[in-house]
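Here is the structure we will look at.
Laboratory data are not the source of any read-out in this text; all were calculated from the coordinates shown. Predicted, not measured: the structure shown is a model, and the values here were computed from it. Ideal geometry is used to build each Cβ from the backbone, glycine not excepted, and the neighbour counts take in all protein chains shown.
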Amino acid sequence: MTPANSVSPGAVDPAALGLIPAPRTLTAAAAGPYPLGYATPLTAGPGTEGVARWLRSTLGPATGLPLPAGDGTGTGAGDGSGTGSNGQGIVLALDESLAPEAYRLEVGATAVRITGGTAAGVFRGAQTLRQLLGPDAFRRAPLAPGRTWEVPPVVVEDEPRFGWRGMMLDVSRHFLPKEDVLRYLDLLAAHKLNVFHFHLTDDQGWRIEIKRYPRLTEVGSWRSRTKYGHRASELWDETPYGGFYTQDDIREIVAYAAERHIRVVPEIDIPGHSQATITAYPELGNTDVVDTTTLSVWDNWGVSPNVLAPTEDTLRFFEGVLEEVLELFPAETSPFVHMGGDECPKDQWKESPLAQARIAELGVGDEDGLQSWFIRHFDAWLTERGRRLIGWDEILEGGLAEGAAVSSWRGYAGGVAAAEAGHDVVMCPEQQVYLDHRQDGGPDEPMPIGYVRTLEDVYRFEPVPPGLSERAARHILGTQANVWTEVMQNRARVDYQVFPRLAAFAEVAWSALPAPDDRDFAAFEARMTPHYARLDALGVDYRPPGGPYPRQQRPGVLGFPREGAPPVV
């Protein structure tokens, strides 16, 4: 049986193949299609063994093919029957002349060869191979045992535009169990994304075990109830809510991500978004202006006024936290540590005699300087340990720490200022790539938040702002889509908000697209047709193009829609 996405020699139909993100070049191969059979070997050249393990564990269950190990030479000839002669089957190899994540996939008469600049490049090519086999290759068991699997006769040459292609997932507001996090790592990998920003702490819950400070999870990971809908909603879920990842859970997540060539960026939020922390350890709060012993883990949304006290004891506490965090997130896979730094109300510091005395003692001028002091301290602390600090663009206020990078979320302006000043930047403006924002202006969108950001809007997002100097543009590390989960109570709601827009974002981050107004969205939509079938096979509960199913709607639950076009700042 010939797969539905096969192409004849000499012709390539991108819409039928539906490769997402779009590769740099896609041409017809001189020979093919290439059949995969029960005896088809999988040969892993030196340095590609991990990719071979992943490919065998993924394609094996979907196709029913064992993909036995080849002889490791990657050479030789055969008749293309997939019967296991030397150099036949699927051959993985490294080529140092290619860029680190670049790859070449070539379907020939004797083999399907995937060559990458590094194992990461080979892995990206393996994801393309999976897409070429059709949607059924994304299932966990073969639908028709004994069917013929064919790789279409193509040559793909590809490499990413940006080195940072990420998604931030907030597990503090609503906790996702470990298995759901691992699933999302697979979904990121399937879209050639390579950074997972893990938002682990906030006012509504602390989600990572720190053995030195057990109350962070004993107390700080649980809230008594949860607001249902936007904070103006009158509805509450009165069920106690919480959860956290053990240190072994974290190690597993990091290792699972590394196998998929995804870096994990842990976020530990300071000095704001800290009510859960202060609830667990009241002495960390501004005890001279508020009775912190009466606080509880926040059950509402928004920005809590309870922030960390600017004391040496607070610094020592978080140094202890970070010592364990660095052990859990090794430098090889997690060179960056995100320290938050956003939405820190200064009211308590303004009222606090201790904070005011601290401002005078440190000579930092005002409350913005005090926040900068927090960030500068941990920038130096992390640098001494071979790591880099990254924070939301509010860390620019009061002066940016020398080695810090910036996540520009309030628009382009913070990222532009940081890049022009010589700091590295990840562009993630809420006006374009906050996937918690609603996807349509219709009344059926569940708990609608923010501006309307359609699939096409995300596809036309440009991470490098116009007018940026060439020197500053080199400081744009890449881009990231952010997923804040205040109104996403479970995996299905996260799926609905994230997909299909993450597919458009992945193409923006990976592919060499023209200027936003010149992008061919109609062609992208055509390629999405087979991609929706892949998402179906993976069990992704995405928003259908025609609008939400009745089960995806949340009638009567108040959201917070913002009207008009989002401002470009």
**Asked** If you plug each phi of segment 386-393 into the Karplus form 6.51 cos²θ - 1.76 cosθ + 1.60 with θ = phi - 60°, what whole-Hz ³J(HN,Hα) values come out, in order, with x for Gly and Pro?
**Response** x, 10, 10, 8, 10, x, 5, 5
**Prompt:** Among all the lysines, which ones have a C-alpha under 24 Å from LYS211's C-alpha, if same-chain residues fewer than 8 places away are not counted?
**Reply:** LYS178
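So for THR479, THR25, THR128, fewest C-beta neighbours within 10 Å to most, what's the order?
With the fewest neighbours first, THR479, THR25, THR128 line up as THR25, THR128, THR479.
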**Message:** Quick check: from the Cα gyration tensor, does segment 498-544 come out rounded (a/c under 1.5), prolate or oblate?
**Reply:** prolate
**Message:** Straight-line reach from LYS350: which lysines fall under 30 Å, measuring Cα to Cα and dropping same-chain residues less than 8 apart?
**Reply:** LYS227
**Item:** segment 14-158 - Debye-derived log10 I(q)/I(0), Cα point model, q = 0.10 Å⁻¹
**Value:** -0.28
**Item:** Using alpha-carbon coordinates, inclination of helix 501-510 to the longest axis of the chain, degrees
**Value:** 80 degrees
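Around VAL195, with a cut-off of 9 angstrom between Cβ atoms, what is the net charge of the other residues, counting Lys and Arg +1 and Asp and Glu -1?
Residues near VAL195 contribute +2 overall.
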**Request:** Calculate I(q)/I(0) for the chain by the Debye formula, one identical point scatterer on each C-alpha and no solvent, and give its log10 at q = 0.09 Å⁻¹ to two decimals.
**Result:** -0.70
**Prompt:** With the contact rule set at Cα under 8 Å and sequence spacing of 6 or more, what percent relative contact order holds for the chain?
**Reply:** 14 percent
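With only Lys, Arg, Asp and Glu charged, each at its Cβ (+1 for the first two, -1 for the last two), find how big the charge dipole of segment 182-243 is about the Cα centre; round to the nearest 20 debye. Present the calculation step by step, with values, prior to reporting the outcome.
On the way: 10 positive and 8 negative charges, 44 e Å.
With Lys and Arg at +1 and Asp and Glu at -1, about 200 debye.
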**Asked** Against the longest principal axis of the chain, how steep is helix 312-328, in degrees 0 to 90 to the nearest 10, with axes from Cα atoms?
**Response** 10 degrees
**Prompt:** Suppose every K and R has +1 on its Cβ and every D and E has -1 on its Cβ; what is the size of the dipole of segment 211-350 about the Cα centre, in Debye to the nearest 20?
**Reply:** 200 debye
**Prompt:** If you find the alpha carbon centre of segment 13-52 and of segment 106-162, how far apart are they in angstrom?
**Reply:** 3 Å
**Item:** Reach of LYS192 by Cα under 16 Å, taken over aspartates and glutamates that are not fewer than 8 positions away in the same chain
**Value:** GLU101, GLU157, ASP158, GLU159, GLU259, GLU507
**Item:** Farthest toward positive dipole pole in the chain [+1 Lys/Arg, -1 Asp/Glu at C-beta], among ALA16, GLY442, PHE524
**Value:** ALA16
